[in-house]
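A quick write-up on the structure given underneath.
Since every read-out is calculated from the coordinates, none of them should be taken as a lab result. Please read all numbers here as calculations on a predicted model, not as lab measurements.
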Amino acid sequence: MQKTFVSLLSEMADAARGGCRRVAVAFGAALAMLAMGPACAAIDINAADESALTSVKGIGPATAKRILDERTKHGAFKDAIDLADRVPGVGPKSAANLEAAGLTFGKAAAPTPARAAPQAAQTAPAPAAKAPAQKPAAR
């Protein structure tokens, strides 16, 4: 059965009555549990800032900057393969390891106004050229 942080603290109080060794063990377990908490948290690559990205095991400051630059220029990442294809220094194996370390590709970032305008221009239909005047149908 998995113990919660509160139950470990309770054990520490009980251990204080039983001796120093039990206190040390309970305290060590509580600290280990605290240290594991942030490491297991999921970080969405499409919403994270540089400090959140560097909290993922395997992403340093340089890689975080390359990820943010690529996301800013070309939009949200779809999946680990997309990450590996677009970010220099991140291959398929690294991308898979980053996913295992807690990196997710959950929500796509909303387009910023700077990116929305060029996309709208690309998808908007071209203005229609003047069509030659049609001749009335013969009766």
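One table, with the values for the structure above:
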| quantity | calculated |
| --- | --- |
| Under-5 Å amide H pairs with Gly75, H placed in peptide plane, nonlocal only | none |
| If the convex hull is drawn through the Cα atoms of the range 43-107, its volume per residue in Å³ | 68 Å³ |
